[in-house]
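What follows is one structure encoded as structure tokens, with my remarks underneath.
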Amino acid sequence: MSDDKNQPETAQSSIKTRAQYETYPYPARNPEDEDKRLISGSPGNWEEVVHFVFGGRDPSAQTKSGKIKILVAGGGTGDALVMLAQQARDRKAKADIVYIDLSESSRAIAEARIKRRNLEKNVTFVTGSFVDLAKDYGPFDYIDCCGVLHHLPDPNEGLRALADSLKPNGGMGLMVYGELGRQGVYHMQEMMERLNAEAGGARRLNFGKALFNSLPGTNWLKRNPFVGDHIHGGDAGFYDLLLHQQDRAYRVDEVFDFVDQAGLRLQSFIEPMRYDPTTYCSRHDVLEKAVHVPFRERAALAELMAGNITKHTFYVVKAKNKTKPPVPSEDAIPYFTRVDGAALSRSVAKTGNIKITFTGLSVTRTMPTASPAILSRIDGKRSVREIYELFQPKPEKFEFNAQFAVMYSVLNAANLMYLRLPNKK
Ligand SMILES: C[S@@+](CC[C@H](N)C(=O)[O-])C[C@H]1O[C@@H](n2cnc3c(N)ncnc32)[C@H](O)[C@@H]1O
């Protein structure tokens, strides 16, 4: 057996990370719960991927085989894997999915969840580091890597390894921690370090809990309402949030640099609205300076204004890939995600606006007057033109298109509506 202390620092970090997830697979999941619900979220939600990575066109219709290849890198206990495999089946999309994780015990839970849903046919499970292994299983159309890169000894190298196993027209959905919203988390990690706390396992957990419980109400972590895994996520959540020994967080500028160094281009943050200064401020004298600047600058400013961004979820493509998310056009087919369209239509008809809440902040947006009528005609199959044709009497086309565009920009920025484009002939 090797002595960890003789290993180089990076190898030691990986050993600690692996040991943590062997003992505390994260997030804690019970395979039997697959009978009751499907966990879905960002990144990796199928519609989001089609919209932000593939420009609104079904990716399986764009490959010769009609099949797409997906990698879930650092798949943990299987949330993204199960979501993607189930969503592919529900949409009759042909997808081969590769799951890679360091931790055997996490893999066992992910495998049991996949089996419970009879989805194992198109899934390959691999134990090891995706930094070494991704290229052996690629190239991929889509890579999902959520909450993993910030735990690598060298995240830049990790992202480059993923970029190298991506097809030229493929893309990735990524999540890394956000520094500002995690105020207090790194204070806790530093205290553990200064106190020379236990190296790992249950002793580290117990010591960490004792320390946390002894902190005064003035401590930043105790005062931070935006992180809650240490309270609601069980032992695995407490450990993952506060006791990790290989963990870093990013500011918006660092996310851009991270993406750049891997030869990638950022398509969009999720939710786009959170990275827009106009979400937080309505003063013209401030916005005059805040909006006529490049996207990176606007996003960095928005992060500082908001203060509640605990993680950055975003989609990237290769720098040379020209694909952009679709914009409203007569052929585009709008559809809802994460929201019941009929209920939204009724609520907008009643109030004239929409209230969106993210991580403790509620934002209200006034909606164009035709919104309820448009919303009630959206069924995920009709194009913008067909929706217009349903109006009797027909409004002025220019006016209809303008109202649709404003309504869509609000809902899309809140991640509630996307556009699908017909496949190219
Ligand atoms: C915080 S968990 C996230 C799990 C999952 N992506 C999710 O969002 O639910 C981090 C996972 O990354 C895995 N991991 C860390 N470094 C890895 C590497 N180099 N290769 C493969 N897996 C890795 C860990 O074993 C752990 O299961």
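The values are calculated or read from the model by the stated rules, or taken from the named source; none is laboratory data. Source: prediction; values computed, not measured. Every residue, glycine among them, receives a Cβ derived from its backbone with ideal geometry; neighbour counts consider all protein chains shown. Accessible surface areas use protein heavy atoms only, side chains included; no ligands, DNA or RNA. Shrake-Rupley method; radii C 1.70, N 1.55, O 1.52, S 1.80 Å.
With 29 Å as the limit on Cα-Cα distance, the pairs of Lys36/Lys167; Lys135/Lys381; Lys324/Lys350; Lys69/Lys424; Lys92/Lys397 that go past it are Lys36/Lys167; Lys135/Lys381; Lys324/Lys350; Lys92/Lys397.
A cut-off under 15 angstrom between Cβ atoms defines the neighbours of Gly171, and their net charge, with Lys, Arg +1 and Asp, Glu -1, is +2.
Sum up the charges of everything whose Cβ sits under 12 Å from the Cβ of Asp235, counting Lys and Arg as +1 and Asp and Glu as -1, but leave Asp235 out. After counting each charged neighbour, the total is 0. Accessible surface for Ile70 stands near 0 Å², nearest 10, in the context of the full protein assembly shown (1.4 Å probe). Using a probe of 1.4 Å, the accessible surface attributed to Tyr24 totals some 30 Å² when neighbouring protein chains are kept in position.
Aspartates and glutamates within cross-link reach of Lys318: Cα-Cα under 17 Å, excluding same-chain residues under 8 positions apart? Straight-distance partners of Lys318: Asp141, Asp144, Glu157, Asp164, Asp257, Asp260. Cross-link partners of Lys16 among lysines, defined as those whose alpha carbon lies under 20 angstrom from its own and excluding same-chain residues fewer than eight positions apart: Lys5, Lys209. Classify the stretch 263-351 from the C-alpha gyration tensor, please: rounded if a/c falls under 1.5, else prolate or oblate depending on whether a/b exceeds b/c. Oblate.
Exposure check, 1.4 Å probe, all protein chains in place: Met305 carries approximately 80 Å² of accessible surface. Accessible area per residue for the stretch 337-420 is 51 Å², calculated with a 1.4 Å probe on protein heavy atoms, without ligands, DNA or RNA.
Proximity of backbone amide H atoms, modeled 1.01 Å from N, is registered between Glu179 and Tyr250, Arg251 at under 5 Å, excluding neighbours fewer than 5 places apart on the same chain. Once each part is reduced to its C-alpha centroid, what is the distance from the stretch 366-387 to the stretch 63-123 in angstrom? First find each Cα centre; the distance between them is then 34 Å.
Helix 397-413 versus the longest principal axis of the chain: what angle, 0 to 90°, nearest 10, using Cα atoms? Tilt of helix 397-413: around 10 degrees. Extent of the chain along its three principal axes (Cα atoms, max minus min coordinate, largest first): 78, 54, 42 Å. Dividing the helix sum by the residues of the chain, where each DSSP H run of 4 or more adds -39500 (n - 2.57), gives a mean residue ellipticity at 222 nm of -11500 deg cm²/dmol. Phi angles of the stretch 277-286 translate, via the Karplus equation with coefficients 6.51, -1.76, 1.60 and θ = phi - 60°, into HN-Hα couplings of x, 5, 5, 10, 9, 10, 6, 4, 5, 6 Hz per residue; Gly and Pro are given as x. Working note: Cα gyration tensor of the stretch 337-420, eigenvalues times five, square-rooted, sorted largest first, giving semi-axes of 22, 13, 12 Å. Short-range pairs are left out: with C-alpha atoms under 8 Å and at least six residues apart, the relative contact order of the chain is 18 percent. Looking at the chain only, what percent of DSSP beta bridges run antiparallel? Nearest 5 please. The antiparallel proportion sits near 50 percent. Summing charges over neighbours of Asp257, with a neighbour being any other residue whose Cβ is under 15 Å away from its Cβ, gives -3 when K and R count +1 and D and E count -1.
Each of Lys350, Lys311, Lys167 has its accessible area taken with a 1.4 Å probe; listed largest first, they run Lys350, Lys311, Lys167. In terms of its C-alpha gyration tensor, the stretch 312-364 has an oblate overall shape, because the principal axis ratio a/c (a ≥ b ≥ c, square roots of the eigenvalues) is not below 1.5 and a/b does not outweigh b/c. When each of the peptides 132-139, 328-335, 314-321 is scored by how many other beta carbons lie within 10 Å of its residues on average, the order from highest to lowest is 314-321, 328-335, 132-139. For the stretch 342-358, putting each phi into the Karplus relation 6.51 cos²θ - 1.76 cosθ + 1.60 with θ = phi - 60° gives couplings of 5, 5, 5, 4, 5, 5, 5, 4, 6, 9, x, 9, 10, 10, 10, 10, 10 Hz, in residue order, rounded to whole numbers and with x for Gly and Pro. The stretch 297-335 and the stretch 343-365 have Cα centres spaced 21 Å apart.
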